[in-house]
Amino acid sequence: METSAPIIEKPVIAEIEKPPLLLSQLVFLRFKRHKMAVAGVIVLILMVLYSIGGTFFKSEAFSLVTDTSIRLNAPSSIHPFGTDAVGRDILARTIYGGQISLMIGMIAMILEVIVGVLIGALAGYYGGILDSLLMRFTEAMLNIPQIPLLLVLGKLLADKIQPIVLLGREFSGSVIVIIAVIGLTSWMGLARIVRANFLSLREQEFVTAARCTGTNNLSIIFDHILPNTMAPIIVSATLSVANAIISEAYVSFLGVGVMPPTATWGNMLNGAYNYIETAPWLWIFPGSLIVLTVLSINFIGDGLRDALDPRALTQAE
Amino acid sequence: MDALLEVKDLKVQFNTLEGVVHAVNGVSFVVEEGKTLGIVGESGCGKSVTVLSIMRLIAEPPGKIASGEIIFEGKDLIKLGKSSMQAIRGQKIAMVFQDPMTSLNPVLTIGKQISEALIVHKDINTSEAYNRTIGLLDLVGIPQAKDRYNDFPHQFSGGMRQRVMIAMALSCNPSVLIADEPTTALDVTIQAQIVELTKNLQSKVGMSVIWITHDLGVVAEIADRVIVMYAGYIVEEADVYNIFENPVHPYTLSLLRSLPRVDSHRYERLAIIPGTPPDCIHMPTGCPFMPRCSFVIEKCTLENPGLRNIADDHKTACWVDVKTGRPA
């Protein structure tokens, strides 16, 4: 008697040997599940497109033209966002102001990360006297209130620094002052986080193992320990972009931040309080741009914090 | 035999709030070229501190190498400066740690970690380092080395990680490999593989090995000479046959008695050593093993017996002849 061999369905080998996910893929997957963070990324990309793409439609010169005959015009087809108290086009100014506001946020963040990581890493890794000195310095810096410092330095230095030209645009010297002051007064929290992580990581056996292979201290700090503490640094850096934008808006609103005619979202609000009811387009447009940007950056920060949390590794499907 | 590494009268102390911890108290030994030295002893007896001093990796402070010499290639490692010591670590003397789970950096690929020592010590470019790393992974028996080069430590099993650690240690062809309890965190079958691997590699590249363990079975398998340590002292030193066939120190005897044996009676209880090791801050006068020893004579309470020769190549630190129970 003849029996046909039973058909066994063979599993596809490629499916079994699917390589494990890389950390970056895992983080991406978990970030994707955070709906608000994804929305934040989209809004932020739109903001960047708006302030960079806008330059193709409105020239910078146009954003600086003053014409008192059309001052405080309500939004119309010629001036979609209306005009301000000296007749400048608000749409064009939000485009060029956005560039400055976002740039201030980014550069201040980079400054903050460099200073904070450097101080935190050195203090945490070497410990002892260096740690005490750097941490006392950090605490001293924490005692200086940021906003009054911004106001005083903004007032003192703003017109002392010559305007600079970057990427074909001329910036008021006050932009540099604001970036430097924000960057150099907001690294303390990050420095403490980094120090705390270095304190525990330097005792790990892989650090001893690295030392055993003859690796020098700098390489141990930056190549071995620092990548282990990237998650909190990334989260903190993201949130500090939002903080820097807010701080800039705050001092510019008070009239001592970035000096006109250079526009920022913050200094466009300066003076708008005189027309809160009579010309609401003065503050609605730059104000909503600030709120949207800061909100989306904060959501991105939240999403990153959840996505980078190593304890959540198992929860990703 | 040529002595490759010689430790002379090494004393290491740690300053703590409760007092000075005498972790290593005058340890001397010789590592011969191409041979394996086993260091045995229970937890806290100074094994790891001894080898960490050879690497100069004792944290100072609180630790301090109080006295002694560590002669390697005609130089005293204790007197070497930071940068010359860094050149020796990894290149001439390499180390494998106890727990492969924690001694690999979780965020760097194993390829990067292995090639690092090569890039630090040898003047070679990245592609050459890559090729040698693949060769090392093959050597320690990691299959599909090319595919695993970019894998992270969490993608390896414990035994594989220890192989990676060994590959890291071997990357610059060191003349001494220090293995600090490399098999303690592994299960027995993997343990046997790692021991076998080390023996094979040793015969291939001809290095000396210092193998620290508290597992006498592993020592019997791998060591040529054995040092038994207790409370920071060497209490017995002999070649591996004499340690097992003819132990002359009460501590070694008790250790051997506390091993389960294949031929023992089924319901026999394992022998234990009563008591605990002495507090290394307040060392008792006399022999440190005296409180737990069953051979005590009056002299033991008064004076610490130094290490003395009792036969060719067989040293012990005991006042008593354990065969007769009378003073030696």
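Miscellaneous remarks
- Rounded to whole numbers, the Karplus 3J(HN,Hα) couplings from phi for the stretch B:100-110 are x, 6, 9, 8, 9, 6, x, 9, 10, 5, 5 Hz, using 6.51 cos²θ - 1.76 cosθ + 1.60 with θ = phi - 60°, and x at Gly and Pro.
- Inter-chain Cβ neighbour count for B:99-105, averaged per residue, equals 5 (cutoff 10 Å, partner chain atoms only).
- Approximating the spin labels as points 7 Å out from Cα along Cα→Cβ, the A:Leu46-to-A:Val65 distance works out to 2.8 nm.
- For the stretch A:64-136, the share of alpha carbon pairs falling in successive 10 Å distance bins from zero is 18, 25, 15, 13, 13, 13, 3 percent.
- Net charge of Cβ neighbours under 15 Å - reference A:Asp131; Lys, Arg +1; Asp, Glu -1: +2
- Reciprocal mean inverse distance between Cα atoms of chain A - Kirkwood radius, Å: 22.6 Å
- Each residue of the stretch B:277-282 was assigned a 3J(HN,Hα) from its phi angle through the Karplus curve 6.51 cos²θ - 1.76 cosθ + 1.60 (θ = phi - 60°); the sequence is x, x, 6, 6, 8, 10 Hz, with glycine and proline shown as x.
- Cα centroids of the stretch B:97-164 and the stretch B:245-288: 40 Å apart.
- Each Lys or Arg adds one and each Asp or Glu takes one away; over the other residues whose Cβ falls under 15 Å from the Cβ of A:Val177, this sums to 0.
- From phi via Karplus (6.51, -1.76, 1.60), per-residue ³J(HN,Hα) for the stretch A:72-81 in Hz, x at Gly/Pro: 6, 6, 6, x, 8, 5, 7, 10, x, 9
- Alpha-carbon Rg with Dmax, taken over chain B, Å: 20.8, 68
- Here the stretch A:111-152 was treated as a single set of alpha-carbon atoms; its pair distances binned every 10 Å from 0 give 27, 46, 21, 5 percent.
- Rg over Rh for the stretch A:93-169 works out to 1.10, both radii taken from alpha-carbon positions and Rh defined as the Kirkwood radius.
- According to the Cα-based calculation, Rg over Rh for the stretch B:138-234 is 0.99, with Rh computed by the Kirkwood formula.
- Value of Rg to Rh for the stretch B:76-218, rounded to two decimals, is 0.95; Kirkwood radius and Rg both from alpha-carbon coordinates.
- Taking the C-alpha atoms only, the angle from helix A:188-201 to the longest principal axis of chain A is near 10 degrees.
- Translational diffusion coefficient (Stokes-Einstein; Kirkwood radius from C-alpha pairs) of the stretch B:262-328 at 4 °C, 1.567 mPa s, in µm²/s: 93 µm²/s
- The packing ranking of peptides B:242-248, B:110-116, B:40-46, highest mean first, is B:110-116, B:40-46, B:242-248, where packing means the average number of other beta carbon atoms within 10 angstrom of each residue.
- Near B:Gly26, the amide H atoms lying under 5 Å from its own belong to B:Leu10, B:Lys11, B:Val12; only residues 5 or more places off or on other chains count, and H is placed 1.01 Å from N.
- 20 Å Cα-Cα reach of A:Lys35 towards aspartates and glutamates, excluding residues that sit fewer than 8 places from it in its own chain: A:Asp302, A:Asp306, A:Asp309, A:Glu317
- For the peptides A:27-34, A:230-237, the ranking by mean Cβ contacts within 10 Å, running from highest to lowest, is A:230-237, A:27-34.
- Tilt relative to chain B, helix B:126-139 - C-alpha long axis, 0 to 90 degrees, to 10: 50 degrees
- Only helices enter this figure: runs of n ≥ 4 DSSP H residues, each worth -39500 (n - 2.57), summed and divided by the residues of chain A, yield -20000 deg cm²/dmol at 222 nm to the nearest 500.
- Per-residue ellipticity at 222 nm computed for chain B from its helices equals -9000 deg cm²/dmol, with DSSP H segments shorter than 4 residues left out and the rest contributing -39,500 (n - 2.57).
- Both the radius of gyration and Dmax for the protein assembly as shown are 34.3, 119 Å, in that order, over alpha-carbon atoms.
- Taking amide H as placed 1.01 Å from N in the peptide plane, B:Ala185 has no amide H partner under 5 Å among residues 5 or more places away or on another chain.
- Unit charges on C-beta of K, R, D, E only; dipole of the stretch B:15-140, Debye: 240 debye
- In plain terms, the residue of B:Leu259, A:Leu308 with the fewest other Cβ atoms within 10 Å comes first and the most crowded comes last, giving B:Leu259, A:Leu308.
- Under-5 Å amide H pairs with B:Val96, H placed in peptide plane, nonlocal only: B:Ile178, B:Ala179, B:Asp180
- Cα point-scatterer Debye curve for the stretch A:37-94, base-10 log of I(q)/I(0) at q = 0.15 Å⁻¹: -0.49
- Among the listed pairs B:Lys8/B:Lys299; B:Lys75/B:Lys323; B:Lys11/B:Lys299; B:Lys92/B:Lys299; B:Lys64/B:Lys199; B:Lys79/B:Lys122, those whose Cα-Cα separation exceeds 32 Å are B:Lys75/B:Lys323; B:Lys92/B:Lys299; B:Lys64/B:Lys199.
- Between 0 and 90 degrees, the angle of helix A:230-253 with respect to the longest Cα principal axis of chain A falls at about 10 degrees.
- Mean separation of Cα contacts under 8 Å (6+ apart) over length of the stretch B:241-328, as relative contact order %: 25 percent
- Computed on the stretch B:1-52, with alpha-carbon pairs under 8 angstrom and 6+ residues apart, the relative contact order is 37 percent.
- Alpha carbon centroid spacing (whole Å) that separates the stretch A:200-228 from the stretch B:195-221: 27 Å
- Debye intensity ratio in log₁₀ form over the Cα atoms of the stretch B:1-47, taken at each q of 0.15, 0.25 Å⁻¹: -0.51, -0.98
- Across the stretch B:93-143, the fraction of Cα-Cα pairs farther apart than 12 Å, rounded to a whole number, is 69%.
- What the pair-distance distribution of the stretch B:183-328 shows, using all Cα-Cα distances binned every 10 Å from zero, is 10, 35, 34, 17, 4, 0 percent.
- Contact order for chain A, expressed relative to its length and based on alpha carbon pairs under 8 Å spaced 6+ residues apart, stands at 25 percent.
- Formal net charge of residues neighbouring A:Ala279 (Cβ-Cβ distance under 12 Å; K, R +1; D, E -1): -1
- Along the axis of the charge dipole computed for chain B (Cβ charges of +1 for Lys and Arg, -1 for Asp and Glu, origin at the Cα centre), the listed residues B:Gly232, B:His265, B:Ile78 are led at the positive end by B:Ile78.
- Separation of alpha-carbon centers, the stretch A:145-198 and the stretch B:40-82, rounded to whole Å: 49 Å
Every number here is computed from the coordinates shown, using simple stated rules; none is lab data. Note that the structure is predicted; figures quoted are calculated from it, not measured. Neighbour counts run over all protein chains shown; Cβ positions are idealised from the backbone, glycine included.
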